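Here's the structure, in structure tokens; my notes come after.
The values are calculated or read from the model by the stated rules, or taken from the named source; none is laboratory data. Not measured: the values here are computed from a predicted model. Here the Cβ positions follow ideal geometry from the backbone for every residue, glycine too, while neighbour counts run over all protein chains shown. Each accessible area value is taken on the protein alone, full model and side chains, heavy atoms only, with ligands, DNA and RNA left out. Shrake-Rupley method; radii C 1.70, N 1.55, O 1.52, S 1.80 Å.
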Amino acid sequence: FKGGDTCEYLLSSGRFLGEKVWQPHSCMMHKYKNSEAKNCLIDKHVVFIGDSRIRQLFYSFIKLINPQVREEGNKHGNIPFEDKSASIKVDFLWYPEVNGSMRQRIKSWTESSVAKPHIIVVGAATWSIKIHNGSNEALTQYKVNITSIVPLLEKLAKSSDVYWVLQDPVYEDFLSESRKMITNEKIDAYNEAAVRILNSSSRNSKAKVKVFSVSKLIAQETIMKSVDGLHLPESSRDTNAMILMNVYCNKIMKPIDGSCCQPQPPLTLIQKFAFCFFTLSIVGYLIISVIRRNNFRKNKSCADLESGEEKKPDISASNVSTLEMLLHSFCKLGLIMTYFYLCDRANLFMKENKFYTHSSFFIPIIYILVLGVFYTENTKETKVLNREQTDEWKGWMQLVILIYHISGASTFLPVYMHIRVLVAAYLFQTGYGHFSYFWMKGDFGVYRVCQVLFRLNFLVVVLCIVMDRPYQFYYFVPLVTVWFMIIYATLAIWPQIVQKKANGNCLWHFGLLLKLICLLTCIYFLSYSQGSFEKIFSFWPLSKCFELNGNVYEWWFRWKLDRYVVFHGMLFAFIYLALQKRQMISEGKGDPLFSSRVSNVLLFVSVVSFLTYSIWASSCKNKTECNELHPSVSVVQILAFILIRNIPGYVRSVYSSFFAWFGKISLELFICQYHIWLAADTKGILVLIPGYPMFNVLVSTFIFVCVAHEISQITNDLAQIVVPKDNSTLLKRLLCIAGFFSGLLLFSAMQDQSRH
């Protein structure tokens, strides 16, 4: 790498993704909205000095502030613009040649009594070529003039942002007769002269005039679409204006998806503590490993020659083993978290914007589906939604969601609506799985609750600390956590109705249905009462968990989007287990779920329902309207899939071990993608190997999957230690965890206060 200055990359290099999307080398460009542009430039004065090409850039720039601006006014004169609401002034000053007049204007700003512009954009050359008919004398004079202007620009650069715009190439075939002398050869000569003089001056000056050379690269790709061969098409100059906005505003606004020109964020107090903790864990593990190895050599078990009995090991060995396992887990986790931090918080690796094409989404989908079918095996049991089948279901859904995220397919509405169903299916499984467990086992103990909560939240809590992100940022984990607690509360609250009790008296089934109806009523009320919902989750310390950007609206939106599907999962589990208990379904190997006639009818209805939903989702025109209908209709495709997957006996008896493997680590995959596969908190793509997109995806994917698998193992190991089965020990651990979170809240409050 040439260095970490992404501003230089943004101003000098990049490529087009497709026809209109510009990708700077190594970093991500934010697309500024009018409100963001105003907030950034409030009380600022911006000046564009130059010819008609600079005037084009001026208009594109002010349209970012006010899209209603029309390109009117004297073409060969000064053009002022002012936005009084934000006190923004942007002026275009007509100086088509680098001459004494331009020098005098720039010199006037260097006077101490004059208010200096905050941003100065300068560029000119084509008029000099045209007026002097491309003569060498004009080029010599241009060098003299720019040499006299550069020291003034350097002086201004100490307090302002100064940009010298290099000349774009022309499309010579389209040039009028009066402009035929403006050739690309001449333009290159003028650009070389400007760059050489600017660079030689910058070596002797701390303040540096920034060379805006990226416009030349953009023009090389788009100038053939020019109307007159000289001026850039509108899309290209808009890109230049957006680059200029990113260069200046990213360090002020700090957009998540604008990594260009953003400095590395400073370590917070909590991050420093985390770094110390993981460092001590690594050192502690190494020390214990050395001690254990030495003790093993000294006290190696050997047979007593006289008695023939083996000597008993040291009674403290199990305790040391537990401590060693704990430190070993934290040691691995510390190294993994270092990788997370380097990928998405340090400016070590490059990041790029996503760019959606149909092929980038559908070709990988077809590829993994073929792989999944190739790895087909027989299931250990043939029940509906058995463990292998649910793992398989989670696995292929997770892989599709990953491809959806990296390809940027959220911009394509039909794909977005189908992915919404996959997220809903995860929550459906949450309702189905937890209801089935509590209904059949009747285990409402603290140990079970703590185990589930630990496995769901451990990785996210660590990432919140290491990556300095709020809990709600990883929205899916808060979602499944809250729904688990709702399911638990619904079934655990008196009267506790479980299968064993209900088998003795059928009235208990109606009691359970009454509980479910009460749950549905509460869900319905909260979904249409945003104020009540926000009041519940705005109480401290709940607000610390569910706020994002200072409010809980995002949490309410996420919860509302799939509000009924967990209930549907619970209801399906209740009906299925009731039918299973009464032996109304056949789950033998190779047997259809129902009688042949019923199975055929249900299969036909399921296929029609599945396709009908897909047709509806594919015909969606408005995301907001479709999202309103989604909570009520998503269950149609989910139930259709379950029936298609389970009614035929053969289909129910096999599963894809390939998908099931990914299903076992689906939660880790979903969370880890935020920082070590995608980048900039999912807004972009991590680039480990620049210049080779396909190879980069292969390498980053391999590391990403290995890390997710390792974290899954670490979580399982730590769950056994942190959440023991013994109630008294568990109570002590819970008190320690409560103390830990209290400290975390305290430090978080201190951080917030210092930031403000």
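Per-structure values
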quantity: Positive minus negative residues near Ala194 (Lys, Arg vs Asp, Glu; Cβ under 15 Å); calculated: +2
quantity: Of Lys75/Lys116; Lys272/Lys544; Lys33/Lys623, pairs whose Cα-Cα distance is over 22 Å; calculated: Lys75/Lys116
quantity: Loop-located trypsin sites (Lys or Arg not before Pro) in region 114-169, at most 13 other Cβ atoms within 10 Å (DSSP); calculated: Lys158
quantity: Around Ile182: net Lys/Arg minus Asp/Glu count, Cβ-Cβ under 14 Å; calculated: -4
quantity: Cα shape, region 36-240, gyration tensor, a/c 1.5 rule; calculated: oblate
quantity: Residue (of Leu156, Gly77, Ala346) at the positive-pole extreme of the chain, dipole from beta-carbon charges; calculated: Ala346
quantity: Cβ crowding within 10 Å averaged over residues, with 243-254, 182-193 ranked highest first; calculated: 243-254, 182-193
quantity: [x] 37.2; [y] 30.6; [z] 31.7, with the label sought being that of the calculated Kirkwood radius over Cα pairs in Å; calculated: [y]
quantity: Over the chain, relative contact order from alpha-carbon pairs under 8 Å, at least 6 apart, %; calculated: 15 percent
quantity: Cβ-placed point charges (K, R +1; D, E -1), dipole of region 412-585 about Cα centre in debye, nearest 20; calculated: 520 debye
quantity: Under 11 Å, Cβ to Cβ, from Pro495 - net charge with Lys/Arg +1 and Asp/Glu -1; calculated: +2
quantity: Solvent-accessible area of Val370 with every protein chain in place, 1.4 Å probe, in Å² to the nearest 10; calculated: 100 Å²
quantity: Size of electric dipole in the chain: Cβ of Lys, Arg +1 and of Asp, Glu -1, about Cα centre, debye, nearest 20; calculated: 1040 debye
quantity: Accessible area in the full protein assembly, largest first, 1.4 Å probe, for Val607, Val498; calculated: Val607, Val498
quantity: Anchor Lys380: lysines whose Cα lies under 20 Å away (excluding residues fewer than 8 positions away in-chain); calculated: Lys394, Lys589, Lys664
quantity: Principal-axis tilt of helix 727-755 within the chain, Cα atoms, nearest 10 degrees; calculated: 10 degrees
quantity: Gyration tensor (alpha-carbon) shape descriptor, region 405-459, a/c threshold 1.5; calculated: oblate
quantity: HN-Hα J in Hz across region 398-412 - Karplus 6.51, -1.76, 1.60, θ = phi - 60°, x for Gly and Pro; calculated: 5, 5, 5, 5, 4, 5, 4, 6, 6, 8, x, 6, 5, 6, 9
quantity: All aspartates and glutamates inside 16 Å of Lys351 as judged from Cα atoms, apart from same-chain residues fewer than 8 positions distant; calculated: Asp5, Glu8, Asp257, Asp681
quantity: Cross-link partners of Lys155 among aspartates and glutamates (Cα-Cα below 14 Å; sequence separation of 8 or more within a chain); calculated: Glu111
quantity: Cα gyration tensor shape of region 92-178, rounded if a/c is under 1.5, else prolate or oblate by comparing a/b with b/c; calculated: prolate
quantity: Over the chain: helical MRE at 222 nm, DSSP H runs n ≥ 4 each giving -39500 (n - 2.57), nearest 500; calculated: -21000 deg cm²/dmol
